[in-house]
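J.: Got a structure here, written out as structure tokens. Questions coming.
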Amino acid sequence: MFTIETPPIGVDVDVWRGESVASPEAGDLWLISADGEALGLAVLASVHTTFALCWPVTTADTPVFEDVLEVASTPLGVPLLAWPARETGIGLHMLHRKYRSLLTSRTMRIVESVIDDGGTEYPLPLAPRTVEGEEAQAISDEMVERWERICLDTWPKLTAGTTPLNADVLRARSVQLGDLAGILHIGTALAVGLFRGEIAPTDQQVAALAAALRLEPDALLNPGTDAGALMLIEPLFKEPILGLAKSWNVSEALARDIVRSEYGLAARSDGNAHARMQATIDRLRTAR
């Protein structure tokens, strides 16, 4: 077992600190975490705008019950096991620390080809199977449940009061600022803030707008495509967000919600957007 601070047996503490500011790339080994808890290791198979597909990675002493790649030379300095048949998706906000490349893209493509077609041999040795029968099934079920929880950990969640309106949906319905103000019985300044995503609507405002536009409430909320949300899922901001969550005694997800809202309200400039995001986080940390 391991934690954010305590590495697996045999791994140097300095190596375990990894790189928290690196960009994710296919083949890289990453530590996955949520709310400051280490949830597992994974090698990225592909990286997309808001999520990555990955293979779980475990230490060499993990019980083996299926085809698992044995990787002798690794960024952690100890042998590791990669589980390609257990590929799953994870939000980029789960990526905590990068430990450089574990597998090349070519190696991963060959492995995927073996799994899909069975036409070639694996490019790496397979770990010997150590469990079978009911014990293997129990361990497999536990692994499925654990990685399903990781897969289902999404941000942002569509929640009135913390999630801004989806301006694209409003535009598609030809909703103007005056229309928004009229439907919600609010002033122009507040309507501008809601339309720009600088202020999150209340439950009552979402319900009123949904009824007026004949839409489901969730359809009116921004799923995380605004610039602030996309920045906040970058590994660059993982540690700062965790620091803010600890300072405010809130969850990692709520800390992101607070920063997203505050960033939307912050004055715009032609300066570096990442620097402005970090300044927003720093300002919030000193506010309490």
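The values are calculated or read from the model by the stated rules, or taken from the named source; none is laboratory data. Predicted, not measured: the structure shown is a model, and the values here were computed from it. Counting neighbours? That spans all protein chains shown, and the Cβs are built from the backbone with ideal geometry, glycine included. Accessible surface areas use protein heavy atoms only, side chains included; no ligands, DNA or RNA. Shrake-Rupley method; radii C 1.70, N 1.55, O 1.52, S 1.80 Å.
J.: Rounded if a/c is under 1.5, else prolate if a/b is larger than b/c, else oblate: which is region 119-159, with a ≥ b ≥ c the root eigenvalues of its Cα gyration tensor? Walk me through the numbers before you get to the answer.
T.: Working: a/c = 4.34, a/b = 1.69, b/c = 2.56.
Taking the square roots of the gyration eigenvalues as a ≥ b ≥ c, region 119-159 is oblate.
J.: In region 142-288, with Lys and Arg counted as +1 and Asp and Glu as -1 at Cβ, which of these residues, T162, T188, A211, has the Cα nearest the positive end of the dipole, that is, farthest along it?
T.: Positive-end residue among those listed: T188.
J.: Okay, moving on. Could you tell me the accessible area of E132 in Å² (1.4 Å probe, neighbours in place), rounded to the nearest ten?
T.: Here the residue's solvent-accessible area equals roughly 150 Å².
J.: Is it possible to state the helix-based mean residue ellipticity at 222 nm for the chain, with each DSSP H run of 4+ residues giving -39500 (n - 2.57), the sum divided by total residues, to the nearest 500 deg cm²/dmol? What is it?
T.: On the way: 11 runs with 113 residues, N = 288.
Per the formula, -11500 deg cm²/dmol.
J.: Can you give the three extents of the C-alpha atoms in region 174-288 along their principal axes, from longest to shortest, in whole Å?
T.: 41, 30, 25
J.: Going by amide H atoms built from the backbone, whose H comes under 5 Å of the H on A34, apart from near neighbours?
T.: Answer set, sorted by chain and number: L39.
J.: Let me ask something else. How much accessible surface area, in Å² rounded to 10, belongs to the heavy atoms of S140 with a 1.4 Å probe?
T.: For S140, the solvent-accessible surface is approximately 20 Å².
J.: Within the accessible area of region 166-212, what % is carbon and sulfur when the probe is 1.4 Å and the other protein chains stay in place? Don't skip to the end; give the middle numbers.
T.: Values: 1320 of 2500 Å².
Answer for region 166-212 is 53 percent, counting heavy atoms of protein chains only.
J.: How large is the accessible surface per residue of the chain, computed with a 1.4 Å probe and reported in Å² as a whole number? Please list the in-between numbers first.
T.: Working: 14530 Å² over 288 residues.
Accessible surface, normalised per residue, equals 50 Å².
J.: Between 0 and 90 degrees, rounded to the nearest ten: what's the tilt of helix 133-151 against the longest Cα principal axis of the chain?
T.: 30 degrees
J.: Now, a different point. Under 4 °C and 1.567 mPa s, how fast does the chain diffuse according to Stokes-Einstein, given a Kirkwood radius computed over C-alpha pairs? Answer in µm²/s, whole number.
T.: Numbers: Rh = 21.2 Å.
The diffusion coefficient I find is 61 µm²/s.
J.: In addition: Counting only other residues whose beta carbon sits under 14 Å from that of R146, what net charge do I get with K and R as +1, D and E as -1? Spell out each step's value before the answer.
T.: Working: positive: R86, R149; negative: E37, D141, E142, E145, E148, D153.
Net of charged neighbours comes to -4.
J.: Any chance you could give the angle, 0 to 90 degrees and rounded to 10, that helix 105-117 forms with the longest Cα principal axis of the chain?
T.: 80 degrees
J.: How much of the accessible area of region 1-115, in percent, comes from carbon and sulfur atoms when a 1.4 Å probe is used?
T.: Values: 2510 of 4870 Å².
So the carbon and sulfur contribution to the accessible surface is 52 percent.
J.: For the chain, find the longest principal axis of its Cα atoms and tell me its angle to the long axis of helix 273-285, 0 to 90°, nearest 10.
T.: Approximately 80 degrees, to the nearest ten.
J.: A further question on this structure: Quick one: among R129, R17, R196, which has the greatest mean-square fluctuation in a GNM of the chain with alpha-carbon springs under 10 angstrom?
T.: The residue that fluctuates most here is R129.
J.: Treating only the Cβ atoms of Lys and Arg (+1) and Asp and Glu (-1) as charged, compute the dipole magnitude of region 213-256 about its Cα centre; round to the nearest 20 debye. Don't skip to the end; give the middle numbers.
T.: Numbers: 4 positive and 6 negative charges, 23 e Å.
Taking the Cα centre of region 213-256 as origin, the dipole is about 100 debye.
J.: So what are the three principal axis dimensions of region 1-105 from its Cα atoms, in whole Å, longest to shortest?
T.: Projected onto its principal axes, the Cα set of region 1-105 covers 34, 30, 23 Å.
J.: For V13, V250, what's the largest-to-smallest order of accessible area, 1.4 Å probe?
T.: V13, V250
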